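What follows is one structure encoded as structure tokens, with my remarks underneath.
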Amino acid sequence: LPRLVREFVAQNNTSQIKHVIQILSQEFALSQHPHSRKGGLIGLAACSIALGKDSGLYLKELIEPVLTCFNDADSRLRYYACEALYNIVKVARGSVLPHFNVLFDGLSKLAADPDPNVKSGSELLDRLLKDIVTESNQFDLVGFIPLLRERIYSNNQYARQFIISWILVLESVPDINLLDYLPEILDGLFQILGDNSKEIRKMCEVALGEFLKEIKKNPSSVKFAEMANILVIHCQAADDLIQLTAMCWMREFIQLAGRVMLPYSSGILTAVLPCLSYDDRKKNIKEVANVCNQSLMKLVIPEDDEMDEAKQSMTLPAEPASEESLSKPEAASSGESLLVRANKSELDITALNQPLSFPCSSERIQVTLNLDGIVQVLDCHLHDTSIGMMTRIAVLKWLYHLYIKTPRKMFRHTDSLFPILLRTLSDESDEVILKDLEVLAEIASSPAGQTEGHGPSDASDVRPGPVELHVPARSGQLSNSGTKGLECSPSTPTMNSYFYKFMINLLKRFSSERKLLETRGAFIIRQLCLLLNAENIFHSMADILLREEDLKFASTMVHTLNTILLTSSELFQLRNQLKDLKTPESRNLFCCLYRSWCHNPVTTVSLCFLTQNYKHAYDLIQKFGDLEVTVDFLTEVDKLVQLIECPIFTYLRLQLLDVKNNPYLIKALYGLLMLLPQSSAFQLLSHRLQCVPNPELMQTADGTKSSAGFKRTAASNIDYTELLQHFEKVQNKHLEARHQRAGRAEQLDRRVVL
């Protein structure tokens, strides 16, 4: 047969050559008889050897029948087919490259063959084909990629090993740029990374590592955007190796591609945030996720707050795009990310291709921040009670960062975020509460809170609604607020319309969750005094509590605020401001606090002690004889006595030395002493008063000019008679409320008896 073929070649008789190949194919290689098929395969190989370099002209006719025999049921025959194809390819060398896809397809099937001899033969053929591809510069990568993309999703271990080996070979060839087509095969590579075989996982790790090295070397030629969603999917994988590898890739992508990754922020955060709460068993993943989170956060810049306006002002060749149309690609990006996650098993890589528009080289790349998607993801994580503490902290850091960098856009989402931020104050972790308070404080103080239709003039946003504290409407409640927020508060220009809304809702939170008030109330208010203006906080809360209908809560809240005012180091400046009442602002603040403090008689007296209104304190104590003296009342008097012995009231104790100028202070303290039963507090105050020198000088001398008199002259515009009347009015309300509660309790007892 070889001699006959050589003669035909010498005669250039192509028709006879084709005729010989056709007979070998049709009558032998494709025969029903197995021995005939073996003979046909041997004949085709011999024919190819005889053709030599001319075999390239007849490769299609030579290869097709051999490949058909790859599917034969007889393993021996499959081995003969493998041997025959080896000889054909060895002779043809580079001429087989136009038929590479069919050869690769056939080999991928033989790689998973159960017969070891067939598998061994296919490996020899595979090595030969790899050598040919490596030494050739005519490999059709574009035509091969669709087949590679299809075969990479095989679940067979041997087929996967075969695929990875080819990817490693193609990656090593300098003339073949496989990086351009990485988006087509990246998902498949990550799926192979989860194979049960350690060897295959190792091979896949090596392949992915080589790709990542190349990406770092040539970031300008990498299609980051087309691979972003693929990484998002695998960053959420259950397999630790897949998740860690994908997270490492994501870290490099964010650092190399920069703002190109911004449109995919919502998907990235969905994958990264849960990892921040991993324990030490997944420490590596947690650390990489933290870097991803920090790097992504740095990509958000103040210019993102003005991106919409900048786009609208750009001159475009077509008609100008509206804000809605500009946001469509962002929504599509977010939607595709969700779609891909939902259909992980049916990933369509082509659907992930999201080309970015690059302006001319003189312009900066315009990438739009998908803020709506980011806020949606952050809001979702805050609502999820199962997430860990570190994730919640990261979410709140993100919200704070966005309010700092893009305040105008963020305030469009404030109404939807506000309720969950308030609920987060009930979190078990102090760290979470601190971060939450930072966000709420930024919302309450940001100048952007006055824009976007949320200014103080919009009463619907500021007045209490059905979900807020039920405060009776008062005419002109905010009529004089203007841009300063609350009247009578000098520092309110730093506050916006959300400040008052925040105070109302915070008090509502305390009212509905008394445990929160008891355990965290003081902590929350003290931190707010550091983050915001303490005077504004006390002024607004006093103003709200003045109209609070739940008198019992109002009394409890006033007691809490008073304790904070008298004992917290954060309020040192405010205490000094109230101590002398030298300015109109401080007197205004005192009057505002006093009216609300009247909900609790003992706190009212302590406020008078703080502001050195000793005569008024004495007048108040005289009124205590008309009040209902309960155990709680006496307990509060006891606590006030303890407070008088604290460093806060050092100045008050020193004023006891000046009996002549402070007679009402001594009278007020004796009044407290007379209220107390024989107890430790009684003994404490009694011993203190025994130290007062020259008690006979306690008599008030008319016309005495004293330093105390000058102090009170400074506050001469305060109508203490009206304040005293207000105190009596509030206490009458409390007495009536107690009687009503007692009546209801009595009725309930009667029903139980009946």
> Across the stretch 274-287, what is the number of residues that are closer than 14 Å to residue 237 by Cα and under 12 Å from the mean Cα position of the chain (by Cα)?
Replying inline: 2
>> I'd like the full set of residues that are assigned to a helix (DSSP H, G or I), modelled with pLDDT under 70 and touching a helix residue (DSSP H, G or I) at 6+ places or on another chain (Cβ under 8 Å), limited to the stretch 712-754.
In response: 712, 714
> Do we have residue 212 as over 26 Å from residue 375 (Cβ atoms) and touching a Lys or Arg at 6+ places or on another chain (Cβ under 8 Å) here?
Replying inline: no
>> Residues that are open to solvent by 10 Å² or more (accessible area, probe 1.4 Å), farther than 24 Å from residue 140 by Cβ and in contact with a Pro (Cβ under 9 Å, 6 or more places away or on another chain), at least 1 per element: which helices (runs of 4 or more DSSP H) completely within the stretch 1-120 meet that?
In response: 34-51, 75-92
>> Just the residues that are of a type in the set (A, V, I, L, M), under 24 Å from residue 446 (Cα atoms) and part of a helix (DSSP H, G or I), please, taken from the stretch 523-561.
In response: 524, 525, 528, 530, 531, 534, 537, 541, 542, 544
> For the stretch 227-265, which residues satisfy the criterion of being open to solvent by 10 Å² or more (accessible area, probe 1.4 Å), closer than 22 Å to residue 298 by Cα and of a type in the set (Gly, Ala, Ser)?
Replying inline: 257, 258
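Residue by residue, here is whether (1) among the β-branched types (Val, Ile, Thr); (2) open to solvent by 30 Å² or more (accessible area, probe 1.4 Å); (3) in contact with a strand residue (DSSP E or B) (Cβ under 9 Å, 6 or more places away or on another chain); (4) not in a helix (DSSP H, G or I) holds:
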| residue | (1), (2), (3), (4) |
| --- | --- |
| 148 | no, no, no, no |
| 164 | yes, no, no, no |
| 167 | yes, no, no, no |
| 186 | no, no, no, no |
| 196 | no, yes, no, yes |
| 200 | yes, no, no, no |
| 204 | no, no, no, no |
| 208 | no, no, no, no |
| 225 | no, no, no, no |
> List, please: which pairs have Cβ atoms under 7 Å, are six or more places apart or on different chains, and start with a residue in the stretch 417-440 that is open to solvent by 20 Å² or more (accessible area, probe 1.4 Å) and end with one that is part of a loop (DSSP other than H, G, I, E, B) and modelled with pLDDT under 95?
Replying inline: 426/513
>> If I filter the stretch 657-675 down to residues being modelled with pLDDT of 90 or more and either open to solvent by less than 40 Å² (accessible area, probe 1.4 Å) or not assigned by the TED database to the domain that holds residue 623 (or both), which single residue comes out as farthest from residue 619 (Cα to Cα)?
In response: 673
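The values are calculated or read from the model by the stated rules, or taken from the named source; none is laboratory data. What you see is a predicted model; the values in this text were computed from it and never measured. Virtual Cβ from ideal backbone geometry, glycine too; neighbours counted across all protein chains shown. Only protein heavy atoms, including side chains, enter the accessible area calculation; ligands, DNA and RNA are left aside. Shrake-Rupley method; radii C 1.70, N 1.55, O 1.52, S 1.80 Å.
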